[in-house]
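Working notes, structure below.
The values are calculated or read from the model by the stated rules, or taken from the named source; none is laboratory data. Because the structure is a prediction, the values reported are computed rather than measured. With ideal geometry, Cβ positions are generated from the backbone for all residues, glycine too; neighbour counts draw on all protein chains shown. What goes into the accessible areas is simple: the full protein's heavy atoms, side chains included, and nothing from ligands, DNA or RNA. Shrake-Rupley method; radii C 1.70, N 1.55, O 1.52, S 1.80 Å.
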Amino acid sequence: MNNKSDCNRDDRQRVVANTIFVTNTFELNQALSEAEPGDQIILKDGTYISDIIPVHEKSGMPNAPITISAENEGRAEIGGNTGFYFNKCSNITLEGLKITASGREYSENLTRVLWFESCNHMRITRCYFKINETADRTTFILISGEESHHHRIDRNVFDGKHRSGLVLDITGGASQVSQYDIVEYNHFMDNTPRIENGKETIRIGLSGLQNSSSFSVIQHNLFEDCSGEPEIISIKACDTEVRYNTFRNSQGQVVLRHGDRNKVYENFFIADDGKPDEGGVRVYGNDHKIFNNYMQGLTSTVVQIDKGNAHTTGKLTAAWTPRRIEVSANTMIDCDENIEIGKRYIYDPEDCIVANNIIVGSKGYLIYDYTESQTTIFKGNVVYPKGTAVACNIQRDESEVRIVDTLPEKTGAVGARPLTGKDVGLNKPDPID
C-alpha cells in the first residue's frame, strides 16, 4: 500500500513522496527499482533472505532522500547471501535494519556486505550488524569509487568480526580518496581473534591514495575489544581527524600509516584486562598532531614516533620518515611503555616536538629516545616515576622534562569522560533539529 505525501525540498520545488511497505525481498527489489526522491521504503518485521538487486544510478535529494528502513528497529533482518550494493547513487539512507547477510563475493575470496561505489551523501544509521562470515575475507562496509564523498555512518552497532577483512573500509577512486565522510556514535566490539594484517576495524585511504586529502572525521565512537590486528584504525590519507573516541581493552593502535596533516585528539585509550599489545598512537609521515588524549593502563607503546624505511624516495607501501610531528598535552597513567622516539626502521624522525605531556608510571623509562640524532624537541613535560621507573634514557634538563614526586593534575581530554555503550550505537538519540 502506497501513501502519498508532499515533501518540501525548498521554496522552488516540491517532491511527491511515497511510503512503500514491503514484506519480502521481491517487494523490496521492486521498490528499490522504482524509488524516487523522498520515497520511504519500510520493511515489515521478518527476515529477507533472497538476493537483493544491485542499485545503479538511483538518487534522492538533499531534503528528500530515499529511505530504506525497518518498521520496527532491529526487527527487519537482511539475511541471505547478498546485502546491498549501490553504484553511482546519492542521498539514500539505510536505517534501523538488522544486517546478518554473508555478503556478495565480488572476486575470489573477497566478499562485501554493504558497498557504496562512486556514491555520495549516503547514510547508514541505527543498524545492527551481526554478519554471518562464511567467506575467508569479508568486509562489512566498503566505500569506494570515483567522486565518492559525504557519507555518514552513525549510531550503528558492529557486533563481532571473526575472519579476515575489515569492518569499515573507506577508499576512493584511482587518484582521490573518498572525502568528507563522517563516522560517529558507533559501537564497535569484539573484532577477534588477532591476526597479522588485513583486519582493521576502520581504514581510511590506501597506500596509493596517501597524498590525497580525505577531510573525513572519526568521532564519538566506542571501540571495545577491537583486536583484529595491530592497527585498530589505519589512516592512509591526508587531513583526517580521529577525535572524542574511546578505545577500551583493544589490542592495537591508531596508526597514521600514510599521508600528512592528520590529527588524533581528545580520545580515551584505556586498558584494564591485562592483555598484551594494547597501545595508543603510532605515526609516519609529516605534520601530524597528537594532543589532549588520555591513556591509562596500556600494555604497549602509548605514543610511538617511529623511524622510517623511506626518506625522500621509496615504495608507496613504505613507512615514511616522520617529520614535524607534534605530541602535546597528553596524559599517560600507569602504562607499560609511554613515549618512544625512533623505535624501528632506519631514518630518524625530524623536527618533532614533545611538549607539555604528563606521564605517571612504575615501569621502565617513561620517555625513551632510540635515535642518534636526537632532533626531537622536548619542552614542558612532567613525569612522575614510581617504583623502579626512570624518567628518561637520556639526560634532559627541567625545561624539557620535569620530574615530580606527587601525582600531577590530569590534562588530557579535559572536561570529558570515557564513552560507554549508553552513549553510542542504538542508544544514542538523533539530535533534535
Given R₀ = 51 Å, what would the calculated FRET efficiency be for residue 211 paired with residue 410, taking r from the Cβ atoms and rounding to 0.05?
0.85
Could you name the lysines in cross-link range of residue 307, using Cα to Cα under 27 Å and dropping any fewer than eight places away on the same chain?
199, 236, 263, 275, 289, 315, 343, 363, 379
Take 126, 194 and sort them by solvent-accessible surface of the protein heavy atoms, 1.4 Å probe, largest at the top.
194, 126
GNM flexibility winner over the chain from 159, 225, 397 (Cα, springs under 10 Å)
397
Extension reserve of the residue 402-residue 56 stretch, reckoned as 0.36 nm per residue once the Cα distance is removed
118.5 nm
Taking the chain as a Gaussian network, where each spring joins two C-alpha atoms under 10 Å apart, which residue of 226, 127, 392 fluctuates the most?
392
To one decimal place, what Kirkwood hydrodynamic radius in Å is obtained for the range 18-101 from all pairs of distinct Cα atoms?
12.5
Excluding ligands and nucleic acids, what accessible area in Å² is computed for residue 111 using a 1.4 Å probe, to the nearest 10?
0
Hydrodynamic calc, the range 65-216: Kirkwood Rh from Cα pairs, then Stokes-Einstein at 25 °C with viscosity 0.890 mPa s, so D in µm² s⁻¹ is 160
Loop-located GluC sites (Glu not before Pro) in the range 388-433 whose Cβ has at most 15 other Cβ within 10 Å (DSSP):
398, 409
Two-decimal Rg/Rh of the chain from alpha-carbon positions, Kirkwood Rh?
1.03
Cβ crowding within 10 Å averaged over residues, with 288-295, 419-426, 306-313 ranked highest first
288-295, 419-426, 306-313
Percentage relative contact order, the chain, counting C-alpha pairs under 8 Å, at least six apart
8
Simple SL model, points at 7 angstrom along Cα→Cβ for residue 180 and residue 197; separation in nm is 3.4
Cβ-placed point charges (K, R +1; D, E -1), dipole of the chain about Cα centre in debye, nearest 20
40
So, with points 7 Å from each Cα along the Cβ direction, the residue 190-residue 47 label distance in nm works out to 1.7
Using alpha-carbon pairs under 8 Å, 6+ residues apart, how would you state the relative contact order of the range 332-425 in percent?
26
Testing the spin-label approximation: label points 7 Å from Cα along Cα→Cβ at residue 75 and residue 377. State their distance in nm.
6.2
Over the chain, with a Gaussian network built from C-alpha contacts below 10 Å, which listed residue (349, 62, 230) shows the highest mean-square fluctuation?
62
If R0 is 22 Å, what FRET efficiency do you get for residue 277 and residue 334 from their C-beta distance, rounded to 0.05?
0.85
From the gyration tensor of the Cα coordinates in the range 312-396, what semi-axes in whole Å does the equivalent ellipsoid have, largest first, with each one equal to sqrt(5λ)?
25, 13, 12
